Structure formats: C-alpha cells, structure tokens
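For reference, the structure is listed below as structure tokens.
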Amino acid sequence: MARHEFTGTANGAEEPLRKPQLRIKAKPFSKGTLIIQLTLGLLAALTVYGFATFDYKEINLFDGIRSTAVTIKTMFFEPHLKHFTFLEALKQVIITLGLAFLTTLFGAILALFLALFAARNLSSNLVSMVIKGGVAFIRAVPTVLWVLIFAVAAGLGSVAAVIGMTFHSVSYLVKAFSESFEELDKGVIEALKASGANWWQIVFQAVIPSSITYLISWTFMRFEINFAVAVAMGAAAGAGGIGFDMFMASGFYYDVREVGIVTYFILFFAVLLEIMAARIKKKLRAKV
C-alpha cells in the first residue's frame, strides 16, 4: 500500500503533505536583450529590403535557381576527368597535403617556442602582452593577404604560400598553445621552483608533458585548416596542387564536370584527415 504523509490543519483535519512546486524564474528583460533583439530585427529587415530592391538585370530569380541546380547536378552527378588523369590528380592532392604538412610543421615548432614566453605563468606580463598582441594582429589579417604580401618579395608560387601560411599558422597556434600552458596548476610550478628546478626543467618536466594531448590536438586541427587553405592558395597564389587544377578546370576550361571530380578528391582527403585526427585524439585520451 502506498504511504501518505499527513499534516494537521487549524480545524484538526488532516491533509496529505504537498510537495513544493518548482518555480521557473523568467529571465528579467534588460537593455542588452533589447539591443540584441533590435539588431536582429534590423538585420532581417535589411535582408528583406535588399532582396526586394536588388537590381537583377532582367534575370528571373527562379530561372537562376533552376540553372544553378542544373549546374550542381551536372557537377556532382556527372563528373569526369578530361584534361588530366587520375594519377595526375592524386599527385596534385599529395602536393597540397605536403604544402599543408610543411606549413603546419614549421608553424607548430615556432609556435611552441613563442607560446612558452606568451603564457603568463611562465613569463612576465610585459613579454606575454607583446607576443599575444603581435599574434593577434597577424591573425586579424587573412592568410591569402599574407601570401600576397610575401609574394612581392618571393613571387607568386609555393615559396610565398609556405611563408604566408606558416606566418598565420604560428599566430593561431601560439594562442592555442599558450592558453593550454596557462591551464597548468600553479602549485606544480611553485613546487618545482622550490625544489630548485630551473625554467627549462619546469618546461620539459611539467608544462609540456601535462599539455601534450592539447598540443597534438590543436596541431592536427591546424593541419586540417591548412589543407583547406592550401587548396585555395593553389588557385589564388599559383602554389600548385589540386587547387590549381580546380582553377584551371573552372576558370580556363569551363568544365564543371571536371570541377566536380576535383571536389570529390578534396572531400575524400578532408574526410580522411578528420578520421585520422579523431582516432589520434581518442588514443591520446585513452592514454591519459
């Protein structure tokens, strides 16, 4: 039988004890919420106004959507190789992977050294602010602009692409690595200092071993980003690789079917890199 708890009342009767009701507190309406809502409403209104007043040059919107759908269907459902062979395409993808690997390797090595001085718990506040401010400026400039800047001295090609991509990779990884180092318990560093350990001993005995999983994870993430950037640099900066073949197929041969097969090559290797990165991260977490 179910048991009920009773409580007395003023007239002596007994009633079942009621459980307290949960009350959901509504978030108070604030000035910040109002500004966000007004901003979103204004952006939505401007979007509708832009579509309504845009000069389509006598182009029917629905005809444009239909022709785009036909182009996508032709690109992805009727791909073919015409101006280069399968082995040549595979070779170009390997060149793109090599470009991404080199820039990631150089960037990770330089970023590891700079991140040690950018971490506040390992360096002075002044040095940390200078390094973090410098890499923040570098990150604010897109990679393609850095490549074009270095192309002034080195010329368009793989050299300018490697330097520009490495430059941006260093700025990205310095931020990631330094934040990983700053998460280390201060008590560990103080205990090592008290035992007489110097700065390099603290770095190699405590900082890097405790952060190695994060370092590898961030490095692989940057490698995936650099692969996508290397494809774009092959077309924009003449760095070669599969990106240049895509540029030739689309901008020179006007062959959307060949663009489709190149896109499949890029997607296949991008997914393969993602699977490899996920497995490596899983093994690292299992060891920890």
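The values are calculated or read from the model by the stated rules, or taken from the named source; none is laboratory data. Model, not experiment: these values are computed from the prediction. Cβ coordinates were reconstructed from backbone atoms using ideal geometry, including for glycine residues, and neighbour counts include every protein chain displayed. Note: areas computed on protein heavy atoms with side chains; ligands, DNA, RNA excluded. Shrake-Rupley method; radii C 1.70, N 1.55, O 1.52, S 1.80 Å.
Could you name the aspartates and glutamates in cross-link range of Lys73, using Cα to Cα under 19 Å and dropping any fewer than eight places away on the same chain?
Straight-line reach from Lys73, under 19 Å: Asp63, Asp255, Glu258.
With a 1.4 Å probe and all protein chains kept in place, how much accessible area does Lys57 have, in Å² rounded to the nearest 10?
Approximately 150 Å² for this residue.
So, with a 1.4 angstrom probe, what is the percent of accessible area on segment 96-233 that is carbon and sulfur? Don't jump to the answer; show the numbers that get you there.
Details: 4880 of 6660 Å².
Whole-percent figure for carbon plus sulfur exposure: 73.
Under a 1.4 angstrom probe, counting protein chains only, how are Tyr253, Tyr172, Tyr214 ranked by accessible area, largest first?
On the way: Tyr253 90, Tyr172 55, Tyr214 115 Å².
Putting Tyr253, Tyr172, Tyr214 in descending order of accessible area: Tyr214, Tyr253, Tyr172.
Longer than 30 Å from Cα to Cα, which of Lys57/Lys82; Lys132/Lys281; Lys31/Lys175; Lys186/Lys282 are they? Say none if no pair is.
Numbers: Lys57/Lys82 35 Å; Lys132/Lys281 27 Å; Lys31/Lys175 33 Å; Lys186/Lys282 27 Å.
Lys57/Lys82; Lys31/Lys175, as the Cα separations exceed 30 Å there.
What order do you get for 76-85, 227-236, 38-47, 177-186 when each peptide is scored by the mean count of other beta carbon atoms within 10 Å, highest first?
Details: 76-85: 12.5, 227-236: 23.0, 38-47: 10.0, 177-186: 17.5.
Top of the packing list down: 227-236, 177-186, 76-85, 38-47.
At 1.4 Å probe size, with no ligands or nucleic acids counted, give the accessible surface of Phe106 in Å², nearest ten.
Its accessible surface works out to 90 Å², give or take rounding.
Tell me the Kirkwood radius of segment 132-288: reciprocal of the mean inverse pair distance over distinct alpha-carbon atoms, in Å. Can you show the working numbers first?
Numbers: mean 1/r = 0.0550 Å⁻¹.
The answer is 18.2 Å.
With only Lys, Arg, Asp and Glu charged, each at its Cβ (+1 for the first two, -1 for the last two), find how big the charge dipole of segment 27-172 is about the Cα centre; round to the nearest 20 debye. Provide the component values of the computation, followed by the final result.
Numbers: 10 positive and 5 negative charges, 105 e Å.
In debye, rounded to 20, segment 27-172 gives about 500.
Semi-axes of the equivalent ellipsoid of segment 94-182: what are they in whole Å, largest first, if each equals the square root of 5 times a C-alpha gyration tensor eigenvalue? Kindly include the intermediate steps, with their values, before the conclusion.
Numbers: eigenvalues 136, 41, 14 Å².
So the equivalent ellipsoid measures 26, 14, 8 Å along its semi-axes.
Quote the Stokes-Einstein diffusion coefficient, in whole µm² s⁻¹, for segment 238-288, based on the Kirkwood radius over alpha carbon pairs, a temperature of 20 °C and a viscosity of 1.002 mPa s. Walk me through the numbers on the way to the answer.
Numbers: Rh = 12.8 Å.
In µm²/s, the coefficient is 168.
With a 1.4 Å probe and all protein chains left in place, how much accessible area per residue does segment 152-288 have, in Å²?
Working: 7200 Å² over 137 residues.
Per residue, segment 152-288 has 53 Å² of solvent-accessible surface.
Please compute the length gained on full extension between Thr47 and Phe117, using 0.36 nm multiplied by the number of residues separating them and subtracting their Cα-Cα distance.
Values: separation 70, 0.36 × 70 = 25.20 nm, distance 4.58 nm.
In short, 20.6 nm is gained.
At a probe radius of 1.4 Å, what is the per-residue accessible area of Ser195, in Å² to the nearest 10?
Surface open to solvent at Ser195 totals about 90 Å².
Set Lys and Arg Cβ to +1 and Asp and Glu Cβ to -1, take the dipole of the chain about its Cα centre, and tell me which of Ala270, His80, Val188 lies farthest positive.
In the chain, that residue is Val188.
Quick one: if you take sqrt(5λ) for each eigenvalue of the C-alpha gyration tensor of the chain, what semi-axes come out, biggest first, whole angstrom?
Working: eigenvalues 446, 284, 102 Å².
So the equivalent ellipsoid measures 47, 38, 23 Å along its semi-axes.
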